[in-house]
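The values are calculated or read from the model by the stated rules, or taken from the named source; none is laboratory data. Only a predicted model underlies this, so the values are computations on that prediction, with no experimental measurement involved. Here the Cβ positions follow ideal geometry from the backbone for every residue, glycine too, while neighbour counts run over all protein chains shown.
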Amino acid sequence: MTPDQEKQWNEFGCAPRCLLELSKRKGKTISRDTLVQKYDQKYPDWKTRCGITDTGGIIDIARDFNLCTSAVSIRNKEHIKRRLNKNPNLDILVLTDIINNDPDQECFHCMLLLSFDHKNSNWSLWNPNQDGTDSEGVVTDTRLEELCAHFLVLA
C-alpha cells in the first residue's frame with residue numbers, strides 16, 4: 001500500500017477496518033493489503049478514496065470473508081437492544097451519518113459494537129479513527145441519536 005493509499009484508507013476505510021477488526025476478534029486473519037488488493041478493482045472509487053464503501057459493499061466484503069451470510073439494516077435501537085438481550089454475541093456494525101461532534105459535517109462513519117450494557121443503556125464501540133489509530137469507548141443512547149446511528153446486523 002502506498003503512503004497515499006494508506007492516508008485514504010485511514011480517512012475513508014472505516015467500514016472495512018471494522019470488518020478486519022471483527023475478523024481478528026473472531027480469530028480469523030485477514031490482512032489489510034489482501035482486502036485492498038481484492039477489492040481495488042471492484043470498487044473504482046478506491047483509486048482516490050481507498051476503503052470507501054456503502055452498505056451493500058460492506059455486506060459483500062463481510063460475505064466474501066465469511067463474516068456473515070446475510071445482514072439486516074435496522075434503525076430502531078430498541079429493536080437492537082431486544083436482539084442483544086436474546087443474543088449478546090451478535091456481530092453488529094454501528095453506522096452513523098455525523099462524526100467528530102460536528103453536526104454540520106455529515107459523513108458516513110462505521111464502528112463495531114463490542115457490547116451493550118442493558119442496565120445503564122450504554123454502547124461499547126470500537127472506533128477506527130481517521131488518523132489510522134483506533135479507540136474503544138462508551139456512548140449513550142442520546143449520543144447515538146445525535147449521530148443518526150443505524151445498525152447493520154451480520155448473520
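Regarding Leu67, is this residue in a strand (DSSP E or B), within 29 Å of Gln41 (Cβ to Cβ) and in contact (Cβ under 8 Å) with a residue 60 or more places away in the chain?
No; evaluated as a whole, the condition is false for this residue.
Conditions tested, residue by residue: (1) small (Gly, Ala, Ser); (2) modelled with pLDDT of 95 or more; (3) part of a loop (DSSP other than H, G, I, E, B).
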residue	(1), (2), (3)
Asp102	no, no, yes
Ser115	yes, yes, no
Gly132	yes, yes, yes
Val138	no, yes, no
Thr142	no, no, no
Val153	no, yes, no
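For region 40-54, how many residues meet the condition of being in contact (Cβ under 8 Å) with a residue 24 or more places away in the chain and of a type in the set (S, T, N, Q)?
Count: 2.
Looking at Leu125, is it assigned to a strand (DSSP E or B), at pLDDT 95 or above, touching a Gly at 6+ places or on another chain (Cβ under 8 Å) and closer than 26 Å to Lys24 by Cα?
When the stated conditions are applied, Leu125 passes them.
Give Leu67, Leu84 a once-over and let me know the one that is surrounded by 13 or more Cβ atoms within 10 Å (Cβ to Cβ), hydrophobic (A, V, I, L, M, F, W, C), in contact with a His (Cβ under 9 Å, 6 or more places away or on another chain) and at pLDDT 95 or above. Outline the logic, then answer.
Details: Leu67 fails: in contact with a His (Cβ under 9 Å, 6 or more places away or on another chain).
Of the residues listed, the single one that is surrounded by 13 or more Cβ atoms within 10 Å (Cβ to Cβ), hydrophobic (A, V, I, L, M, F, W, C), in contact with a His (Cβ under 9 Å, 6 or more places away or on another chain) and at pLDDT 95 or above is Leu84.
Tell me which residues, restricted to region 42-64, are in contact with an Asp or Glu (Cβ under 9 Å, 6 or more places away or on another chain) and surrounded by 14 or more Cβ atoms within 10 Å (Cβ to Cβ).
Trp46, Arg49, Cys50, Gly51, Ile52, Thr53, Ala62
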